[in-house]
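Inspection log for the structure reproduced underneath, given as structure tokens.
The values are calculated or read from the model by the stated rules, or taken from the named source; none is laboratory data. Because the structure is a prediction, the values reported are computed rather than measured. Neighbour counts are summed over all protein chains in view; Cβ atoms, including those assigned to glycine, are modelled from backbone coordinates with ideal geometry.
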Ligand code: DSN
């Protein structure tokens, strides 16, 4: 029999670290745009006995025996994903968003092919062609970005570049862009030049699931995503596609780029997809955007420039130079973390500073919305952020802000006090 003792009995060092992390998450305001608080049901499923099962292949076509139940959990996750996103095909095995992108690219392209994607420093993702990622070294990626005046995606440049270079694929999606994506225009350009259209919806797939944003599957050939951001599931990736790409995608995920899938995470994905089908989740998704818009408006009213002029989704990018030319993203993020507001520094478009320092901050509202915060709390939070940044040398002010943060988190905890892992 396996050791039946709990982690605190077997390994107090690890148990203490779990408690410390639980306390860190609960005792601060979590504003990292790619994070969330998963439900107890998601965590139970992703920490379940499915972690013990090896199963390469797909339901009904495995290379191992004993997959009767594993097949059911994977098929359930697939069926729910297809229903949720009106997709002809779903692959729930990718271990991460980056691996979902890698498998999707290699399912339909060859190394060296030309792809277009949004540049990392204008809000794209590492896997959209950055030279430090496999994407930029294995493919000929061409970048598009924002119009300097409007700070929205320069669709004229996208069209012109596509006509000039005839890419085989156009990648649409972001990790730090706050405006709507014009899927219809991207589709038209892709069709004109004979390119495939892939939407990397990792950041906003939860808002799509909650019907708060349009469904990219209505336009794209392939949609890649993660399941642990606004979607609030277990950690991992997802690929949705039209049926004609199904076989190639499945083959690229396994055996192309992964071995056995992680069935405990797939069980967590299945639970999360089920949660996303409820009216409560739809309300939650709409509230994420309402909260982001209120927070952005409060920060703008306080003199902080929001890149692109506002937000249509769950995130915003702040240009700190509008408050203080000397204030870097790194310094601002550290000071805010010290008063209990956790977010990440982020390059702003054409940032003169290095990616490690930056002139910007990125803020997202999925986690605070899970905690039940609404517009009133966003106004309060915006004031706390502004006070911290503008009066960062005044210890008494920072103490008041920390007290304000403590009041907010006490009123809006992510989990009940008796939640497993808490003490
Ligand atoms: N780049 C991560 C983020 O947006 O935080 C997600 O891959």
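Applying the criterion of at least 2 residues that are surrounded by fewer than 24 Cβ atoms within 10 Å (Cβ to Cβ) and modelled with pLDDT of 95 or more to the helices (runs of 4 or more DSSP H) found wholly in the stretch 141-209 leaves 155-165, 183-193.
Regarding the stretch 374-381, can at least one residue be identified that is part of a helix (DSSP H, G or I) and loosely packed, with under 14 Cβ neighbours inside 10 Å?
Looking for residues that are part of a helix (DSSP H, G or I) and loosely packed, with under 14 Cβ neighbours inside 10 Å, one finds at least one in the stretch 374-381, hence yes.
Annotation note: of 223, 193, 158, 208, the sole residue that is within 16 Å of the ligand (Cβ to nearest atom), touching a helix residue (DSSP H, G or I) at 6+ places or on another chain (Cβ under 8 Å) and touching a residue at least 24 places away in the same chain (Cβ under 8 Å) is 223. For the stretch 321-339, the count of residues that are touching a helix residue (DSSP H, G or I) at 6+ places or on another chain (Cβ under 7 Å), more than 13 Å from residue 392 (Cα to Cα) and away from the ligand (no atom under 15 Å from the Cβ) is zero. Screening residue 101 against (1) farther than 19 Å from residue 248 by Cβ; (2) surrounded by 20 or more Cβ atoms within 10 Å (Cβ to Cβ) leaves a single unmet condition, (1). Criterion applied to 35, 56 was being touching a helix residue (DSSP H, G or I) at 6+ places or on another chain (Cβ under 8 Å) and either at pLDDT below 95 or within 16 Å of the ligand (Cβ to nearest atom) (or both), and the one residue passing it is 35. Of the residues in the stretch 243-264, none is under 27 Å from residue 55 (Cβ atoms), within 16 Å of the ligand (Cβ to nearest atom) and either modelled with pLDDT of 95 or more or touching a strand residue (DSSP E or B) at 6+ places or on another chain (Cβ under 8 Å) (or both).
Residue 264 satisfies every condition listed in (1) under 18 Å from residue 368 (Cβ atoms); (2) surrounded by fewer than 24 Cβ atoms within 10 Å (Cβ to Cβ) except (1).
In the set 24, 40, only one residue is under 30 Å from residue 382 (Cβ atoms), surrounded by fewer than 19 Cβ atoms within 10 Å (Cβ to Cβ) and out of contact with any helix residue (DSSP H, G or I) (no Cβ under 8 Å at 6 or more places or on another chain); that residue is 24.
Being within 16 Å of the ligand (Cβ to nearest atom), more than 20 Å from residue 167 (Cα to Cα) and touching a residue at least 12 places away in the same chain (Cβ under 8 Å) holds for only one residue in 148, 94, and it is 94. Would you be able to say whether some residue in the stretch 109-123 is out of contact with any helix residue (DSSP H, G or I) (no Cβ under 7 Å at 6 or more places or on another chain), surrounded by fewer than 22 Cβ atoms within 10 Å (Cβ to Cβ) and on the phi > 0 side of the Ramachandran plot? Checked the stretch 109-123: at least one residue is out of contact with any helix residue (DSSP H, G or I) (no Cβ under 7 Å at 6 or more places or on another chain), surrounded by fewer than 22 Cβ atoms within 10 Å (Cβ to Cβ) and on the phi > 0 side of the Ramachandran plot.
With respect to the conditions (1) surrounded by fewer than 20 Cβ atoms within 10 Å (Cβ to Cβ); (2) closer than 30 Å to residue 134 by Cβ; (3) out of contact with any helix residue (DSSP H, G or I) (no Cβ under 7 Å at 6 or more places or on another chain), residue 88 falls short on a single one, namely (3).
Matching residues to (1) farther than 13 Å from residue 95 by Cα; (2) surrounded by 23 or more Cβ atoms within 10 Å (Cβ to Cβ); (3) touching a residue at least 12 places away in the same chain (Cβ under 8 Å):
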position: 216; (1), (2), (3): yes, yes, yes
position: 228; (1), (2), (3): no, yes, yes
position: 249; (1), (2), (3): yes, yes, yes
position: 255; (1), (2), (3): yes, no, yes
position: 276; (1), (2), (3): yes, yes, yes
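Within the stretch 219-269, the set of residues being assigned to a strand (DSSP E or B) and over 15 Å from residue 87 (Cα atoms) comprises 226, 237.
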